[in-house]
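*Asks:* Take this structure first; my questions come after.
The values are calculated or read from the model by the stated rules, or taken from the named source; none is laboratory data. Being a predicted model, the structure only gives us computed values, none of them experimental. Cβ placement follows ideal geometry from the backbone for every residue including glycine, while neighbour counts extend to all protein chains displayed. Heavy atoms of the whole protein, side chains included, go into the accessibility calculation; ligands, DNA and RNA do not. Shrake-Rupley method; radii C 1.70, N 1.55, O 1.52, S 1.80 Å.
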There are 4 protein chains.
Amino acid sequence: MQLGLVGLGKMGFNMRERLRAAGHEVIGYDRNPEVSDSESLADLVAKLEAPRTVWVMVPAGQPTRTVVAELGDLLSEGDLVIDGGNSRYTDDRGNADLLATSGVGYLDVGVSGGVWGRENGYGLMVGGDAKFVEHAMPIFDALRPEGPREEGFVHAGATGAGHYAKMVHNGIEYGLMQAYAEGYELLDAADEVTDVGGVLKAWTRGTVVRSWLLDLLVKALDEDPGLSQITGYVEDSGEGRWTVEEAINHSVPAPVISAALFARFASRQADSPAMQAVAALRNQFGGHAVHKAGPTSGSGETT
Amino acid sequence: MQLGLVGLGKMGFNMRERLRAAGHEVIGYDRNPEVSDSESLADLVAKLEAPRTVWVMVPAGQPTRTVVAELGDLLSEGDLVIDGGNSRYTDDRGNADLLATSGVGYLDVGVSGGVWGRENGYGLMVGGDAKFVEHAMPIFDALRPEGPREEGFVHAGATGAGHYAKMVHNGIEYGLMQAYAEGYELLDAADEVTDVGGVLKAWTRGTVVRSWLLDLLVKALDEDPGLSQITGYVEDSGEGRWTVEEAINHSVPAPVISAALFARFASRQADSPAMQAVAALRNQFGGHAVHKAGPTSGSGETT
Amino acid sequence: MQLGLVGLGKMGFNMRERLRAAGHEVIGYDRNPEVSDSESLADLVAKLEAPRTVWVMVPAGQPTRTVVAELGDLLSEGDLVIDGGNSRYTDDRGNADLLATSGVGYLDVGVSGGVWGRENGYGLMVGGDAKFVEHAMPIFDALRPEGPREEGFVHAGATGAGHYAKMVHNGIEYGLMQAYAEGYELLDAADEVTDVGGVLKAWTRGTVVRSWLLDLLVKALDEDPGLSQITGYVEDSGEGRWTVEEAINHSVPAPVISAALFARFASRQADSPAMQAVAALRNQFGGHAVHKAGPTSGSGETT
Amino acid sequence: MQLGLVGLGKMGFNMRERLRAAGHEVIGYDRNPEVSDSESLADLVAKLEAPRTVWVMVPAGQPTRTVVAELGDLLSEGDLVIDGGNSRYTDDRGNADLLATSGVGYLDVGVSGGVWGRENGYGLMVGGDAKFVEHAMPIFDALRPEGPREEGFVHAGATGAGHYAKMVHNGIEYGLMQAYAEGYELLDAADEVTDVGGVLKAWTRGTVVRSWLLDLLVKALDEDPGLSQITGYVEDSGEGRWTVEEAINHSVPAPVISAALFARFASRQADSPAMQAVAALRNQFGGHAVHKAGPTSGSGETT
């Protein structure tokens, strides 16, 4: 089928490729004219035949909300907008209601798979009305991995359910990564194990901990043994925070996901005010030596 | 090749099957005569041709140490003992030294794969001398999964390295399981997602969080939707504790693995003395109502 | 000076007593006529001489917002409203703006001290304009503990700062209580220490961990040795959640405060869906026995 | 009474002062002749009248064990050794048994109070036989704070109980300090609160979180506003590790104390291998930019 695709970054670009390889007609729009198939959102909409389906794949938050609002002005009754970005699920109701005033449908889709999705397919979690889901199913079938539909696709519930599921997916992802990372650090610290990379590789088949993330960690260590080319500075893009906030909203204990989130926060601190306070306290009651700040001292070094 | 196998429980029994299917001659010994191929350890040793290789697959701790010591008395120079159980790595040095006094070799092997190993193969992490590893390689090759040897087998280092790697493997496993579990609970608590099992199944292909553990969780939910047939009481078998203790020994932060361990401890408490203390404190300073203990009140219920 | 006081529950009632003991004229209003000095909010306002100061001490959220809005209708230019409840700091800007349209001032005050405040005085954290702070200072001086003003009172910043400081105060409180509680549980579990209550009491002077909360824990154990009259079911009233959410907003690691919050969530669960999932996973891969749910089984008991 | 005191460092020196001020005769020994009252352990013992009481106040572990063993050789039946250092409680049984072979008694004493103990008195937790406790009571009464004996002293149980209680005391201390520290960092990060030091000071009277540690944090901030003279590098001296290990031994959840311990570990890392692994994973699956290590990049800085 024909699809308009707004946003041709790392994810959108690859999705266009996968969809075209599956025989769909994709007309893309991106502010970058080198990758865009149309000159503007209006031009994109004009190039599509009604009823139109437009997939939005731009950064979450204001950028997505803005594109959705503009599409609300450009599209017509019977058209459909799909937000495939990492929007917070709380944005979906507003988007759906806004589009509904023009008779335009809305689906929220969580998309997982990263840069490997073009080749492997993308895991898809969809929220919204069943009739819209059915309408877009050829697109979902092309994007999702080979195999039974239900192993790479789910209609998770009403509006917001797709992004909610993707949020939790990413929260879990934080926990999984941190679990492997702690184990890696311990193997690395211990004298007993002399082939850390070999141990991780030996876990990739048959073991209880085998997973795609483990495969990627093995690949990373193959490319950069000891990870000497990378610092332990880790960004977070929102879903982990939202997951912990949702856990709080529902009184669900989330010690692992929150610990993974806080480890990222700490990884980005040149120095920790909290640990300065602890050091100050130890100095106060015990006369314990402290590491004085100074022009020649780095984080964590004595002077 | 010929192998003596001591311990024919869930793991040992399946390993014997897999080894025999691969054409090896396995003579097993177990206290349960229904599964045993020999009448005693001495009988087992007598049935093996020198140089003998005996794989020990009995519970960690005293049972394993006892069997190893008995084998030290029964075996001769040039024989080899392999401890494939979940022994703490600190036991390995003692075992190896004890056997060395009789000229008997020793390998420690971490084995992962659970009840599925018979079919899928077992991930193997081996510690000890290279000459012993080479000698037992036909056994390792039969036990490990199909595919490149290094993706299911590693000679991780000297004596103790195999069990060390297995210990960390299990520590990671605790963290992974808890991460999925927290996400599952949140999906379950949220109104937005109406098909929790479907969401988990849709993650099994293409997504970043796909893994064998996820496959198992999907299977568990297929068999028992809502997990209504199971209570949240979770045992632990030692490796998670040892992992946290090793992390402490090496000053490695392990917030996720320790959180997963503590969640298991808490799952087994009918009531928590710590939370009784917190409730008592809130009552003391704020006059907050407490839940009084009584004959008709269960854990977590008001009276 | 003269003060109107809305809300005569555990906190408001005691504050009225303390203020009156200090010579202030307090006219209270509460829906409960047995403790109220006036028949309605309107009656309360009518009884006060301009410029009026009305302290609101009702539950946070909608109740407080409603009372503030009603006071906005009843009060006049030059009057002052003080919200001394545990409102979320994000409510304060709205309250202040609403009252400002009538020329009425607003202060937000975090009040700590619980039921002991009547005797010991209350710690006060105030947000808002300095002129209003100055106006209400006689009230603050009467409510705060004896001693230097700055050791029981702070003008913490502009509107919202008082409740922000109180929120963090309570977040810290969660962490402190959980720290003592974990230590208490460990002492209780260990055979080595035969006089747990005596140990806690011995910490109340001279030690590094001495504190008011410790005094209260000692008192609780004196009154109920072994805490046998209380279950470990712990409510939370919002500030701990908000603290963790604010920590997330500011990318501040909060492992201790969040752990304390999650321990409360877990304390209220009859069974944990997360731990059911972990139990199910262990059963899937290892054939580990599970605790089956059933009519005769309680949480944490085998069947 | 007369007391021999081995070890005149920060703690021992101050304790000698306090004991002498209370009228006791203290003969000290330290390797540093400037503070020592005797030339050797043997000289110290020779200077004491039987039955002798010798208090050992040297670093925990091998130094203490060595001094105790030497005293076993030098002392006679009816004498008493008191280990007042931060020894692991597991050392006490061995020390007591060793001394018992010479008929020498043994007490283990946890001492809290830091450098302030000289003035305020020390909190004392004692393990061992009641007859030895009674014998040394004049010393304990002089060292403990003014007030009822049970508020600064406890005979906690048999041999080991004193150090066990001190271990838990310090574990709690870790949690308390981290709770205040997290709150401090959040106050510092928020725009709402413009007088962070003032807020902490206002908590020192009347509030629920008032404590001696809070007083010290206020003092530290008075001396160094913003803590600009100190880095967030925090040592740990063992008791926190032991507390977590004991919690594991007893299956007691210790999320707060362990989080506080791990925060210290992390504070000492120039870079975190675990977070390098997480960064590498994000790069692998998402093409997320990483911070490359390089000669000009510091921890946590982009290049």
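*Asks:* For a quick check of your reading: which strands (runs of 3 or more DSSP E) sit entirely within region A:1-70 and have at least 1 residues that are touching a Phe, Trp or Tyr at 6+ places or on another chain (Cβ under 8 Å) and open to solvent by 60 Å² or more (accessible area, probe 1.4 Å)?
*Replies:* none
*Asks:* Which of the residues belonging to region D:176-227 are among the aromatic types (Phe, Trp, Tyr) and more than 7 Å from chain C (Cβ to nearest Cβ)?
*Replies:* So the first thing to find is which residues in region D:176-227 are among the aromatic types (Phe, Trp, Tyr), and the list is D:180, D:184, D:203, D:212.
Result: D:Tyr184, single match.
*Asks:* Can you name the residue in region D:99-108 that is buried (at least 18 other Cβ atoms within 10 Å of the Cβ) and not β-branched (Val, Ile, Thr) and is also nearest to D:Met57 (Cα to Cα) among such residues? Break it down into steps so the answer makes sense when it comes.
*Replies:* Within region D:99-108, the first condition is being buried (at least 18 other Cβ atoms within 10 Å of the Cβ), and the residues that meet it are D:99, D:104-108.
Then drop every residue that is not not β-branched (Val, Ile, Thr), which leaves D:99, D:105-108.
Values: D:Leu99: 17, D:Gly105: 17, D:Tyr106: 14, D:Leu107: 13, D:Asp108: 11 Å.
So, considering only residues that are buried (at least 18 other Cβ atoms within 10 Å of the Cβ) and not β-branched (Val, Ile, Thr), the one nearest to D:Met57 (Cα to Cα) is D:Asp108.
*Asks:* If only one of C:Ala181, C:Ala220 is among the aliphatic types (A, V, I, L, M) and either within 18 Å of C:Ala263 (Cα to Cα) or in contact with a Phe, Trp or Tyr (Cβ under 8 Å, 6 or more places away or on another chain) (or both), which one is it? Walk me through how you get there before you give the answer.
*Replies:* Numbers: C:Ala220 fails: either within 18 Å of C:Ala263 (Cα to Cα) or in contact with a Phe, Trp or Tyr (Cβ under 8 Å, 6 or more places away or on another chain) (or both).
After ruling out the rest, the residue left standing is C:Ala181.
*Asks:* Within region C:235-263, can you find the residues that are open to solvent by less than 30 Å² (accessible area, probe 1.4 Å), at the interface with another protein chain (Cβ under 7 Å from one of its Cβ atoms) and of a type in the set (D, E, K, R)?
*Replies:* Of everything in region C:235-263, those that are open to solvent by less than 30 Å² (accessible area, probe 1.4 Å), at the interface with another protein chain (Cβ under 7 Å from one of its Cβ atoms) and of a type in the set (D, E, K, R) turn out to be C:Glu245, C:Glu246.
*Asks:* Kindly indicate which of C:Arg88, C:Arg93 is part of a loop (DSSP other than H, G, I, E, B) and under 18 Å from C:Lys166 (Cβ atoms).
*Replies:* Details: C:Arg93 fails: part of a loop (DSSP other than H, G, I, E, B).
When all the criteria are applied, what remains is C:Arg88.
*Asks:* Quick check on this structure: which one of D:Ala280, D:Ala274 is facing chain A (nearest Cβ under 7 Å), aliphatic (A, V, I, L, M), open to solvent by less than 20 Å² (accessible area, probe 1.4 Å) and out of contact with any Gly (no Cβ under 9 Å at 6 or more places or on another chain)? Outline the logic, then answer.
*Replies:* On the way: D:Ala274 fails: out of contact with any Gly (no Cβ under 9 Å at 6 or more places or on another chain).
Criteria check complete, one pass: D:Ala280.
*Asks:* Looking at A:Ser76, is it more than 21 Å from A:Leu143 (Cα to Cα), among the polar types (S, T, N, Q) and surrounded by 15 or more Cβ atoms within 10 Å (Cβ to Cβ)? Before you say what the answer is, go through the steps one by one.
*Replies:* Details: more than 21 Å from A:Leu143 (Cα to Cα): yes; among the polar types (S, T, N, Q): yes; surrounded by 15 or more Cβ atoms within 10 Å (Cβ to Cβ): no.
Spelling it out, it is not the case that A:Ser76 is more than 21 Å from A:Leu143 (Cα to Cα), among the polar types (S, T, N, Q) and surrounded by 15 or more Cβ atoms within 10 Å (Cβ to Cβ).
*Asks:* Step by step: first the residues of region C:136-154, then only those that are more than 7 Å from chain D (Cβ to nearest Cβ) and not in a loop (DSSP other than H, G, I, E, B), then the one that is surrounded by the most Cβ atoms within 10 Å (Cβ to Cβ). Which residue is that? Explain how you work it out, then say what you get.
*Replies:* The initial filter retains those residues of region C:136-154 that are more than 7 Å from chain D (Cβ to nearest Cβ), namely C:136-143, C:146, C:148-149.
Subset that is not in a loop (DSSP other than H, G, I, E, B): C:137-143, C:149.
Details: C:Met137: 15, C:Pro138: 16, C:Ile139: 24, C:Phe140: 20, C:Asp141: 15, C:Ala142: 20, C:Leu143: 27, C:Arg149: 15.
Restricting to residues being more than 7 Å from chain D (Cβ to nearest Cβ) and not in a loop (DSSP other than H, G, I, E, B), the top hit is C:Leu143.
*Asks:* Now, a different point. Kindly evaluate C:Thr231 against the criterion of being more than 10 Å from chain B (Cβ to nearest Cβ) and more than 22 Å from B:Asp236 (Cα to Cα).
*Replies:* On the way: more than 10 Å from chain B (Cβ to nearest Cβ): no; more than 22 Å from B:Asp236 (Cα to Cα): yes.
Judged against the criteria, C:Thr231 is not a match.
*Asks:* Assess whether B:Gly171 counts as being assigned to a helix (DSSP H, G or I), buried (at least 24 other Cβ atoms within 10 Å of the Cβ) and within 7 Å of chain A (Cβ to nearest Cβ). Spell out the reasoning first.
*Replies:* Values: assigned to a helix (DSSP H, G or I): yes; buried (at least 24 other Cβ atoms within 10 Å of the Cβ): yes; within 7 Å of chain A (Cβ to nearest Cβ): yes.
So B:Gly171 passes the test.
*Asks:* Out of curiosity, is A:Ile139 under 25 Å from A:Gly9 (Cβ atoms), in contact with a strand residue (DSSP E or B) (Cβ under 9 Å, 6 or more places away or on another chain) and not charged (D, E, K, R)? Show your work before the answer.
*Replies:* Working: under 25 Å from A:Gly9 (Cβ atoms): yes; in contact with a strand residue (DSSP E or B) (Cβ under 9 Å, 6 or more places away or on another chain): yes; not charged (D, E, K, R): yes.
Yes.
*Asks:* Within region A:65-74, can one find any residue that is within 13 Å of A:Gly127 (Cα to Cα) and of a type outside the set (Gly, Ala, Ser)?
*Replies:* Scanning region A:65-74 turns up no residue that is within 13 Å of A:Gly127 (Cα to Cα) and of a type outside the set (Gly, Ala, Ser).
*Asks:* Continuing with the same structure: Taking C:Tyr89 as the residue in question, decide whether it is open to solvent by 30 Å² or more (accessible area, probe 1.4 Å) and closer than 20 Å to C:Gly127 by Cα.
*Replies:* On the way: open to solvent by 30 Å² or more (accessible area, probe 1.4 Å): yes; closer than 20 Å to C:Gly127 by Cα: yes.
Against the criterion (open to solvent by 30 Å² or more (accessible area, probe 1.4 Å) and closer than 20 Å to C:Gly127 by Cα), C:Tyr89 qualifies.
*Asks:* Right, next: Which residue, of D:Val111, D:Val193, D:Val133, is aliphatic (A, V, I, L, M), touching a residue at least 24 places away in the same chain (Cβ under 8 Å), open to solvent by less than 30 Å² (accessible area, probe 1.4 Å) and in contact with a Phe, Trp or Tyr (Cβ under 7 Å, 6 or more places away or on another chain)?
*Replies:* Working: D:Val193 fails: touching a residue at least 24 places away in the same chain (Cβ under 8 Å); D:Val133 fails: in contact with a Phe, Trp or Tyr (Cβ under 7 Å, 6 or more places away or on another chain).
Criteria check complete, one pass: D:Val111.
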